[in-house]
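Trainee: Take this structure first; my questions come after.
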Amino acid sequence: MDNADNLFHPSLAAALIKLDPEDGEQIVEYLKTQALLAREKALLQASVRDQKKLLVENGKLKKDIEQLRTQLHDKQRRRTAKALLSPATPPPSISPASTTPVNQPSSPAGASHDRRDRQSRRRRGERKARPTSDPLSLEAEPRVDVSRLDLRVGRILSIRRHPLAEAMSVQEVDVGENAPRTVVSKLGEKTQLEELQGGLAVLLCNVKACKLRGVVSQARLLCCSTTDDAAELLTPPTGSSPGDRVTFLTYPGEPDRELQSKQRIWELLQPDLQVDSKGVANYKGCGFEVKGKGLCRAPSLTGCVIR
């Protein structure tokens, strides 16, 4: 609305009044009011964007502080360990038995024994000192939070029962790539598969591909479920498209290229993935968000886990 003032130049206002002597002034006042409201709305939207930007920056600063704190703690532990281990290797002492008077030449047997004794002490000293040569790592441990998950919106192109497992289903899902991914899921016996075809879902895309009962699964469909075996697929916000990233405002960062099974990242994070009392999917209270489009939700379930 930078040109709003030009719209109400005195000559333009006079022209409007001349065209409509009865209602011209009211029209001009109405247009001025609408222009002011539009400007205030734009300023409010800019303020909201700045607030979100500050939250993201605060999250990054908090993460950096935690990493520095961990590095400092590890460095202090390293110094403490070094201080404790250094007195453990006292300088070799000369035993009276191996002492040779200055005015008497040492015998070959005594010199040989003394040399073997020094070599033995040196070897023992090296073994004791070896742990101090491998100090505690100063690097911060890899983060374990939801930002390591590559969560994307996908559209289910087709769905069918697994040929070898009645409780499983096989989906072809478009996640914005050149070809759809094959996904093997256990959605529960109460799920009507035909109702899911053509719908949107949330997928974990950086899991390692694995074969389930003869069919290779290339991703994981995220569901919410209750104790009575009721299950639903998480629903992305209206306007989402295949390939859209699902992110978390207070957990910025790029996901792993592929989750390593030995690190068990998914298993560590899953207890904190829940649907709250309002039906919103969240991690530790931070919602699953498709930027600019909204939050991911459960269709009807509340207060349940995400698996």
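Trainee: For Arg307 and His73, what is the calculated FRET efficiency with R₀ set at 35 Å and r taken between the beta-carbons, to the nearest 0.05?
Mentor: For Arg307 and His73, the calculated efficiency is 0.50.
Trainee: Given the pairs Lys186/Lys284; Lys63/Lys262; Lys32/Lys52, which span a C-alpha to C-alpha distance of over 27 angstrom in this model?
Mentor: Beyond 27 Å: Lys32/Lys52.
Trainee: Taking 51 Å as R0, compute the FRET efficiency from the Cβ-Cβ separation of Glu57 and Ser158 and round it to 0.05.
Mentor: Step by step, r from the Cβ atoms, then E = 0.75.
Just so you know, all these numbers are worked out from the coordinates, no wet-lab data involved. Small disclaimer: the values here were computed from a predicted structure and weren't measured. Here Cβ is always computed from backbone atoms with ideal geometry, including for glycine, and neighbour counts include all displayed protein chains.
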